[in-house]
Number of protein chains: 2
Amino acid sequence: MSLLVVGSVAFDAIESPYGKVDRIIGGAATYFAVAASFFTHVNLVGIVGDDFTERDEAIFRGRKIDTSGLERAPGKSFFWAGKYSEFLNERVTLATELNVFADFNPRLPEKFRKVSHVFLANIAPDLQRSVLRQVQGTPKLAALDTMNYWIERTPAELKETLKHVDVLMINDSETRQLSNEHNLLRAARHIFKMGPSTLVVKRGEYGAMLVDSKGVFCVPAFPLEEPHDPTGAGDSFAGGFMGYLAGCGQSNDAALRRAMVYGSVLGSFAVEEFGPERLRKLERKEIDARARHFLKLTQFKL
Amino acid sequence: MSLLVVGSVAFDAIESPYGKVDRIIGGAATYFAVAASFFTHVNLVGIVGDDFTERDEAIFRGRKIDTSGLERAPGKSFFWAGKYSEFLNERVTLATELNVFADFNPRLPEKFRKVSHVFLANIAPDLQRSVLRQVQGTPKLAALDTMNYWIERTPAELKETLKHVDVLMINDSETRQLSNEHNLLRAARHIFKMGPSTLVVKRGEYGAMLVDSKGVFCVPAFPLEEPHDPTGAGDSFAGGFMGYLAGCGQSNDAALRRAMVYGSVLGSFAVEEFGPERLRKLERKEIDARARHFLKLTQFKL
């Protein structure tokens, strides 16, 4: 099995009640790749500017991440700046500078085209579609993230792309916006008609919910006393989820449930420190210990 | 084992996007008693006016509910009117007429004084305290609900009462207000210093969370496509929770987890129809089936 991720590699400036960083590596594909690399080999496709140094790239080294699809272009890397509210439940975007990302046109290296699992991080739906076109045959599992921007601006392109993915992985407000349904079960039924057979709703401090034809599975967020920075939590969740599925090669109900748990585990570590700092230091045994903690958190016998 | 509940028995006028009722029996003690009666005998203490007829009392009949503590006073019963927003996640109180409830001074019939489990529904903290004083000895488990009104208006009385209860069962905003902590784990530690050793946080559509010295247990809300009326959901949750514990006579970790599930089951049924109509018709086998459904909703194997 092999896992491909296409998305942003960026620099972030982040402010939260716990501190401030002016420039830290970020981007959806970064969080996703690091999280997923604990479970499987990851092929990364993205674009960075000439400000992206060897030192920056170090985050991918020593891991099962192939960065030969990380294009370098003249100019600056994608930059995002944001500030979180007192309780981390709201954020304001202070700056979004697309830079080289504005002309991103994902090209899969030949060796990336044969891939079993694909994650299309939040980029323009027509680019997501172009990635799927470059994949040889039909991947075993294709998952997609998107956001309000694309739901509002490019609904037709998004709907075309959704026809070709298995898993839609978005947050609750995006779910409601895309489906025009407030109730998440009704929203799921609506979304299934668009193409995906599985909906994963990321609910932040309330955990995550998977809906498919077999029913609903809920996992809570891991209770943390001091989350520092929510940046990248959703992408780390996606990385844990897809990484686990690609690593185990299964996609039955039991595997999907475990994937939800590993997603939550990775998301919970991601928020413990600024940027991807906690993921950098993370060890597999900590992941396994926290997954067992999720058992304690949720299991009961009748 | 025996379970005592003290709280309101009332008439409600309810409006939601699914309809409108001008006068339906309600009140915390009503929902609680009906929910708990599926598991154990319930002794109810409350007050109603002379507008409360035999027909109204029928909701308690044919169940394991002893209403000899339901005082009748000249005047009208407590009346509440409220309207829910489009998605049921907000509500406006249109009227609160205390009527005979204004002079409620709970008196336990002699046969109610020897009780193992006590639930103090949301009434003035000094009245809650007076109930505990009337109980013979120390109950095995005393639980308390309260609201922003008492947290703001009678903080000293509430703190005195909290010293004498084991379980505090409130919603997330009340938890934050009482503890002055946004983070629920830190809030729990704060609340443990006030007296209770167990905190149950009711989170509406996000389920419920129990925190005690052994850790955290989370249960999701049962996913429903068409909840009609959230009135009484929290009290039905409390009824399922306390009813189960009193019925089984245990309060170890496994029992508390099951109690959380049965609480969620009863809460989920309560919202399916207006007022307590769904609970009226409910059968024990439906409760057990939905509890098993909660297993499907949450269980995974690593």
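Run lengths n ≥ 4 of DSSP H only: what is the helix-derived mean residue ellipticity at 222 nm for chain B, with -39500 (n - 2.57) per run over all residues, to the nearest 500?
Helices in chain B give a 222 nm mean residue ellipticity of -10500 deg cm²/dmol.
Using the Cα centre of chain B as origin and beta-carbon charges of +1 (Lys, Arg) and -1 (Asp, Glu), tell me which of B:Pro230, B:Phe192, B:Ser16 is placed farthest towards the positive end of the dipole.
Result: B:Phe192, furthest along the dipole toward the positive end.
Among the listed pairs B:Lys163/B:Lys214; B:Lys111/B:Lys163; A:Lys301/B:Lys193; A:Lys20/A:Lys202, which have their C-alpha atoms separated by more than 28 angstrom in this model?
Those over the limit are A:Lys301/B:Lys193.
If you take every DSSP beta bridge fully contained in the protein assembly as shown, what fraction is antiparallel? Give it as a percent rounded to 5.
Among the beta bridges of the protein assembly as shown, antiparallel pairing accounts for roughly 40 percent.
Between A:Tyr149 and B:Glu226, what is the label-to-label distance in nm when each label sits 7 Å out along the Cα-to-Cβ direction?
Label at A:Tyr149, label at B:Glu226, 3.9 nm between them.
Taking each residue of B:182-190 in turn, how many C-beta atoms of other protein chains fall within 10 Å of its C-beta, and what is the average?
Whole-number average of other-chain Cβ neighbours for B:182-190 is 3.
Treating only the Cβ atoms of Lys and Arg (+1) and Asp and Glu (-1) as charged, compute the dipole magnitude of the protein assembly as shown about its Cα centre; round to the nearest 20 debye.
Taking the Cα centre of the protein assembly as shown as origin, the dipole is about 2100 debye.
In a Gaussian network model over chain B where Cα atoms closer than 10 Å are linked, find which of B:Ala102, B:Ala188, B:Ala73 has the largest mean-square fluctuation.
Maximum among the listed residues: B:Ala102.
Using a Gaussian network model on chain B with a 10 Å cutoff between Cα atoms, which of B:Gly240, B:Gly26, B:Gly263 fluctuates the most?
Highest fluctuation among the options: B:Gly26.
Can you give me the relative contact order of chain A as a percent, contacts being Cα pairs under 8 Å and 6 or more apart?
18 percent
Please check: in the Gaussian network model of chain A (C-alpha springs, under 10 Å), which one of A:Lys111, A:Lys281, A:Lys159 has the largest mean-square fluctuation.
A:Lys281
Rounded to whole Å, give me the distance from the Cα center of region A:241-294 to that of region A:206-230.
With region A:241-294 and region A:206-230 each reduced to a Cα centre, they are spaced 12 Å.
Expressed as a rounded percentage, what relative contact order does region A:124-250 have, with Cα pairs under 8 Å and six or more residues apart?
Reported as a whole number, the value is 17 percent.
Assuming R0 = 22 Å, can you tell me the calculated FRET efficiency for the pair B:Lys163 and B:Arg189, based on Cβ-Cβ distance, to the nearest 0.05?
My answer for the efficiency is 0.85.
Is region A:209-302 best put as rounded, prolate or oblate by its Cα gyration tensor, with a ≥ b ≥ c the root eigenvalues, rounded for a/c under 1.5, and otherwise prolate when a/b is larger than b/c, oblate when not?
Prolate, because a/c is 1.5 or more and a/b exceeds b/c.
Tell me, in nm to one decimal, what length is gained between A:Arg107 and A:Lys281 on full extension, where the rule is 0.36 nm per residue of separation less the Cα-Cα distance?
Fully extending the segment from A:Arg107 to A:Lys281 adds 59.6 nm.
Once R0 is set to 41 Å, what does the formula 1/(1 + (r/R0)^6) return for the Cβ-Cβ distance between B:Thr138 and A:His182, expressed as a FRET efficiency to the nearest 0.05?
After rounding, the FRET efficiency stands at 0.35.
Determine the sum of side-chain charges near A:Gly263: Lys and Arg each +1, Asp and Glu each -1, restricted to other residues whose C-beta is under 14 angstrom from that of A:Gly263.
Within the 14 Å Cβ shell, the charges total +3.
Taking the Cα centre as origin and putting +1 on Lys and Arg beta-carbons and -1 on Asp and Glu beta-carbons, what dipole magnitude results for region A:10-107, to the nearest 20 debye?
260 debye
Using the 7 Å Cα-to-Cβ label point, sort the distances from B:Leu98 to its equivalents in the other copies shortest first and give them in nm to one decimal.
6.2
State whether the protein assembly as shown is rounded, prolate or oblate according to the following rule on the C-alpha gyration tensor (a ≥ b ≥ c being the square roots of its eigenvalues): a/c under 1.5 gives rounded; otherwise a/b larger than b/c gives prolate, and the remaining case gives oblate.
Prolate, because a/c is 1.5 or more and a/b exceeds b/c.
Carbon-plus-sulfur fraction of the accessible area of chain A, 1.4 Å probe, in percent?
Ligands and nucleic acids excluded, carbon and sulfur reach 48 percent.
Taking each residue in A:216-226, count the Cβ atoms of any other chain within 10 Å of its Cβ, then average. What number comes out?
Partner Cβ neighbours, averaged per residue: 6.
The values are calculated or read from the model by the stated rules, or taken from the named source; none is laboratory data. It should be emphasised that the depicted structure is a prediction, and the values quoted were computed from it without experimental measurement. Neighbour counts are summed over all protein chains in view; Cβ atoms, including those assigned to glycine, are modelled from backbone coordinates with ideal geometry. These area figures cover heavy atoms from the full protein model, side chains too; ligands, DNA and RNA do not enter into them. Shrake-Rupley method; radii C 1.70, N 1.55, O 1.52, S 1.80 Å.
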